[in-house]
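The values are calculated or read from the model by the stated rules, or taken from the named source; none is laboratory data. Computed from a predicted structure; not experimentally measured. Quick reminder, even Gly has a Cβ in these numbers, built from the backbone with ideal geometry, and neighbours come from all protein chains shown.
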Amino acid sequence: MTDCVLKARGLEAGYGAGLVVKGIDLEVRRGEIVCLIGANGAGKTTTLRALSGLMKPRAGELRLDGRDVAGRRAHEMTALGMAHAPEGRQVFGDMSVAENLLAGAYLAPGRAETERRRKAALALFPRLEERLAQRAGLLSGGEQQMLAIARALMSAPKLLLLDEPSMGLAPLMVQEIFSILARLRAEGAAILLVEQNAHAALALSDRAYVLELGRVVLEGAGAELLRHDAVSAAYLGRGG
């Protein structure tokens, strides 16, 4: 077992004839939150989709826990230990909270393990326990985001990919979700985070990559990039 949960080298991905992700290198280690920041169209969401198997990379090396997983499909990546909570809080709106959680555990080896994972998820998100019988589509935006993360955790992932978990949420709800992410890290989780709220993401993250037009143009510790003049001017609303 390696300390490096995810390693990508020369990753390329795109749509049709267009190349969106242009040969990026990145890695995520155990017990670490890593964030990708950049302007709209920088390639952040496409990067996550290529990593998780929602789209096939055009080129590059991809390893999960030391294993070559390049070109695997999304369901295979889930089975190998990668969970992806996409942008937009994609819960099953007509299903209950409990049914959504159960759907995330479809690969669990038995009822006892499913229940253990469910208890762990609800300990992180006690609001969801109060709403287990409620239709997911009737939850608030923040509660739906909690459910999307909890459902991803039900697969017991080695690596959790999160795309814009704070989008459209009130500041107090953002703070609550980021606090839960910090707790997951303390428990040894590896998290790759795409987030438009660059200040909050950098403050939370151990390391970060800055993407521009599909390329990594800057990387470093989150705290260091918070103080970086170019990052401040471009993404934090402060002139350098």
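Kindly establish whether Ala208 is within 14 Å of the chain's Cα centre (by Cα) and farther than 20 Å from Ile24 by Cα. The answer is no for Ala208.
If the condition is being in contact with a Lys or Arg (Cβ under 7 Å, 6 or more places away or on another chain) and surrounded by fewer than 15 Cβ atoms within 10 Å (Cβ to Cβ), then region 71-92 contributes only Gly71. The number of residues in region 170-195 that are among the small types (Gly, Ala, Ser) and part of a strand (DSSP E or B) comes to 1.
Residues considered: Ala186, Ala148, Ala123. Of these, the only one that is at pLDDT 90 or above and crowded, with 21+ Cβ neighbours inside 10 Å is Ala148.
From the list Ala50, Ala59, Ala39, Ala103, the lone residue that is outside the structural domain of Ala8 (by TED's automatic domain parsing) and either among the aliphatic types (A, V, I, L, M) or within 24 Å of Gly168 (Cβ to Cβ) (or both) is Ala103. I'm checking my understanding of the structure. Among residues of region 41-71 that are among the small types (Gly, Ala, Ser) and on the phi < 0 side of the Ramachandran plot, which one is farthest from the chain's Cα centre (by Cα)? Step by step, filter region 41-71, then rank; the result is Ala59. Could you list all residues from region 30-63 that are crowded, with 20+ Cβ neighbours inside 10 Å and in contact with a Gly (Cβ under 6 Å, 6 or more places away or on another chain)? Scanning region 30-63 gives Gly43, Lys44. For region 1-32, a residue qualifies if it is closer than 22 Å to Ala234 by Cα and either in contact with a helix residue (DSSP H, G or I) (Cβ under 6 Å, 6 or more places away or on another chain) or not in a strand (DSSP E or B) (or both), and the qualifying residues are Val20, Val21.
Residue-wise test of (1) more than 24 Å from Asp3 (Cβ to Cβ); (2) not acidic (Asp, Glu).
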site: Glu115; (1), (2): yes, no
site: Ala123; (1), (2): yes, yes
site: Ala133; (1), (2): yes, yes
site: Ala136; (1), (2): yes, yes
site: Met146; (1), (2): yes, yes
site: Met154; (1), (2): yes, yes
site: Glu187; (1), (2): no, no
site: Ala190; (1), (2): no, yes
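If the condition is being among the polar types (S, T, N, Q) and buried (at least 18 other Cβ atoms within 10 Å of the Cβ), then region 93-113 contributes only Asn100. The set of residues from region 96-115 being of a type in the set (Gly, Ala, Ser) and assigned to a helix (DSSP H, G or I) comprises Ala98, Ala103, Gly104, Ala112.
What number of residues within region 146-169 satisfy the criterion of being in a loop (DSSP other than H, G, I, E, B) and closer than 28 Å to Ser232 by Cβ? Of the residues in region 146-169, 6 are in a loop (DSSP other than H, G, I, E, B) and closer than 28 Å to Ser232 by Cβ.
Within region 51-76, the set of residues being in contact (Cβ under 8 Å) with a residue 40 or more places away in the chain, closer than 15 Å to Lys158 by Cα and in a loop (DSSP other than H, G, I, E, B) comprises Asp65, Gly66. Screening region 79-89 for residues that are within 13 Å of the chain's Cα centre (by Cα) and not small (Gly, Ala, Ser) and picking the one that is nearest to Leu169 (Cα to Cα) gives Arg89.
Would you confirm, using the coordinates I've provided, whether Leu139 is under 14 Å from the mean Cα position of the chain (by Cα) and either of a type outside the set (Val, Ile, Thr) or under 23 Å from Ala108 (Cβ atoms) (or both)? Against the criterion (under 14 Å from the mean Cα position of the chain (by Cα) and either of a type outside the set (Val, Ile, Thr) or under 23 Å from Ala108 (Cβ atoms) (or both)), Leu139 does not qualify.
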